[in-house]
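The structure appears right after this line, and notes come after that.
The values are calculated or read from the model by the stated rules, or taken from the named source; none is laboratory data. Here the structure is a predicted model, which means the values were calculated and not measured. Cβ placement follows ideal geometry from the backbone for every residue including glycine, while neighbour counts extend to all protein chains displayed. The area values use the complete protein model at the heavy-atom level, side chains included, leaving out ligands, DNA and RNA. Shrake-Rupley method; radii C 1.70, N 1.55, O 1.52, S 1.80 Å.
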Amino acid sequence: MSVRTLPLVFINLGGEMLYILDQRLQAQNTSEDNSEKVMNDIVGTMFNKAFMDELLKPQQLYSHRTLKTVLTRIAHASIMRLNPASMDRLYELMVMAFKYQVFLCPRPKDLLLISYNHIDTIREFVKDTPVVVNQVDETHRKIIEVYSSLSEGEFQLLRQTLLIFFQDMHVRVSLFLKIQVQNPNGRFALSTSGPVPHGTEVPGLIRTFDSKGREVRRSEFPTGGSYSSPIREGCFELHGDRIIRLGLNMYTVNHPEETHTSKAPSVKVTDDTPNLLAKEELNLLARLMGSMKAENKPKAETGFRINLFTTDEEEEEAGASCGAEESLFGVINIQAMQDEQAATELARIAGQFAEQQEQPENPSGNKGDDLLAMMDDL
Amino acid sequence: MYHKEKSIQIKNSASALYNNLGVLRIAPRRLTYFTVVHANVVNMVSASWDGLNYSHRQLQSKEPNVATSTSLIMQAAFCALPSRDLLVVTSQKGIQIYESDGSIMVYWHALDTPETPTAQAVFARGISAVRENYICVGISSGAILVFDVPSKGSNITLSEVLEEHKESITDMAAECSGSQECIADLVSADDGGNLCVWKSGEEFQLLNNIPGFDMSCSSVKLWKGTVVAGYGTGQIRLYEAVTGILHAEVKAHARWIYSLDIAPFSGLLLSAAEDSLVRVWHLSMTPETNSVEVAHLHNECVTDTQICGAKFCDGDGYAFAVTGYDLSEIIRYTQT
């Protein structure tokens, strides 16, 4: 399938992560200094040139586990710390938001506009730090350069690759249920009314031609929907009106409950990824982790705690039930941890890869060790 | 005109791929086989006509000598040749040909995949049986592989490589009317909307090249010398295959078309798209005026579902089946 998914995946998922974190930082009345530092650190890591260059290389989209690991590392570039349960829930939120955007994307090419909406908002978050804004602009330019030449067919292949990646995920998100873009069964609402995508014509007409190309007959048919003409096309440049709203920040400060999630009933909560991490996947992971700058060693005294949900009670419950698949509400608990703890946490995650790496074909068990060593250095 | 029947549950959900439903009717055994692709697995269901027996099977894209990478499947389709029925599965790594019940793999063809991925994705997509003994499969480079299939056994050979398309093949279809008079045997479509019309033989001959308009043609059919093509813009176009004359243009759907099918005995046409709608049309030919008429007959809406496969279950179009992204069932409709 498409070998061009990774940059868009990270920009969009990373963007959603920042929207959620921003909402929490504000809801908790975090100081402006701290908020700015967190956003700058995360954005700086995500839009780091070396990291983006790695992403831009043509390659397959691997498993959720790899993505989650890298996104965790990106989040840990700031002074916040996420325990695995928190990251799991945060990841679900991010993925469901992106799935919604990809699913409803009017034309495959509009995936770029969705990505640009994320980039535009990210730029706003870090607007007071020129160095980081520059990084964002540079990345944006590179994305424009790489993706502008793709055909609609190639974009659709990209979109199909993403849809396969998100397949069978039906986590219900409070916000989506509230604004009715998601049904109680976890599926997104698909309207049969509204403007058709740019380049498509309103359905309902049959035209017949003679052998000379002259139209000889027109007839209409009932479409079963109520469609209207397309609105104007969004701007694909560095700055401009994107027109489509998918990819913009949907979360609002005053409604923290919006980020509640729950599993749709009778859906198996299994990660579909194979237990073996393919050699290529481990290579990718190593390259990505290695390319992220390790300069952000947070000072212990500036650690602070962020709740994704407002009551301590809910947090305790979450702490108790964080492994339970039956839990109705995912409570994301973001707590500051010491450096050493953080390193241990990462090493533990990496250790999971090493343990499960059974590759009879590939006797170089060094891969897992190298990865562990690299992570300890971070 | 049609009403919904009991759906067939499948083991996993359908992936968002063009033409993601295969149907093979086995009249002597009063069975129909269905195939639906989910990532790297083909779900096969064998359904008895009395509705009492369903048996399931799953085929993996397990290519020999590939240890760990998963290979996503692009398409699974039945090829009904006069002497035998086969199931062809195309993926990122190659082409697998099975006996029609999926029990034995009779042939495997590996695609040339470079060591480090290039900017162009590599995969096979677009499958069609042609005339007595050919199976044609499209490649992401635009090439079409022509396989010569013996009436029995696994001695399938690559007979020819057709290099005409410059963009990835999306779909292919053989003349399905059963008429021996039609000159054109096969039509192939690509991501640029270009259509190539071929005559089969020891060396396939290109009869016509109908240029696209920079919009992917995701599904194509050939019936009584007429090409019926579905596009990403939601349009359906009917062309006379050999001359390229445009007979009709239908603003059929509000989103990308994913599947077309024709019931050859009745001239019914089925179209399905990401807009959640399946439409049934009727095609009629008037040889005197060399014209084709398209009449709209029926709509079915599969709520909140982007449809990825739709096929008639029989040559008259008495029944049809539908699959949708993220849906774990094959929805069926029968004429009232």
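Some observations on this one:
- Residues A:I179 and B:E203, FRET efficiency given R0 of 56 Å [Cβ-Cβ distance, rounded to 0.05]: 0.40
- Packing here is the average count of other Cβ atoms within 10 Å per residue, and on that basis the peptides B:301-310, A:34-43, B:283-292, A:138-147, highest first, run B:301-310, A:34-43, A:138-147, B:283-292.
- Taking the chain by itself as reference, the stretch B:285-332 contains these residues with an accessible-area loss of 40 Å² or more in the full protein complex (1.4 Å probe, heavy atoms): B:E293, B:H296, B:D304, B:Q306, B:Y325, B:D326.
- Estimated distance in nm for a label pair at B:S284 and A:S219, the labels positioned 7 Å out from Cα along Cα-to-Cβ: 0.8
- Annotation: B:D148 carries an accessible surface of approximately 50 Å², with a 1.4 Å probe and no ligand, DNA or RNA atoms counted.
- Working note: Karplus 6.51/-1.76/1.60 with θ = phi - 60° gives the stretch B:22-30 the couplings x, 10, 9, 9, 10, 4, x, 9, 6 Hz, where Gly and Pro are set to x.
- The distance separating the Cα centre of the stretch B:101-119 from that of the stretch B:280-336 comes to 32 Å.
- Rounded accessible area per residue of the stretch B:215-312, 1.4 Å, Å²: 23
- Share of alpha-carbon pairs per 10 Å distance bin for the stretch A:50-138, given as whole %: 13, 36, 44, 7
- Residues in the stretch A:33-82 that, when all protein chains are in place, have 30 Å² or more less accessible area than the chain alone would give (probe 1.4 Å): A:P58
- Shielding value for B:117-125 is 4, the average number of Cβ atoms from other chains within 10 Å of each residue's Cβ.
- Accessible area per residue in Å² at 1.4 Å probe, computed on the stretch A:146-252: 47
- For GluC sites (Glu not before Pro), the sites in the stretch B:169-226 that DSSP calls loop and that have at most 12 other Cβ atoms within 10 Å are B:E181, B:E202, B:E203.
- Average accessible area per residue (Å²) across the stretch A:1-114 - probe 1.4 Å, nucleic acids and ligands excluded: 21
- Loop sites in the stretch B:119-180: trypsin sites (Lys or Arg not before Pro), DSSP, at most 10 other Cβ within 10 Å: B:K152
- Computed with a 1.4 Å probe on the full set of protein chains, the accessible area for B:H247 sits at about 10 Å².
- Annotation: A:S262 carries an accessible surface of approximately 20 Å², with a 1.4 Å probe and no ligand, DNA or RNA atoms counted.
- Coordinate range along principal axes, alpha carbons of chain B, Å, largest first: 55, 47, 39
- Complex-versus-alone comparison for the stretch B:165-184, residues with a loss of 10 Å² or more in accessible area, probe 1.4 Å: B:E167
- Heavy-atom surface analysis with a 1.4 Å probe gives the stretch B:75-195 a carbon and sulfur content of 47 percent of its accessible area.
- Interface area, B with A, accessible, probe 1.4 Å, both sides summed, Å² nearest 100: 4700
- Spacing of the two label points (7 Å from each Cα toward its C-beta) at B:A143 and B:F213, in nm: 3.3
- With one equal scatterer per alpha carbon and no solvent term, the Debye-computed log10 I(q)/I(0) for the stretch B:252-331 at 0.12, 0.16 1/Å reads -0.34, -0.57.
- Summarising the label geometry, the points placed 7 Å from Cα in the beta-carbon direction at A:T121 and B:Q9 lie 3.8 nm from one another.
- Treating r as the C-beta distance of A:K212 and B:F265 and R0 as 22 Å, the FRET efficiency rounds to 0.10.
- 15 Å reach of a label modelled at B:S55, 7 Å along Cα-to-Cβ, counting backbone N of the stretch B:100-123: B:100-104
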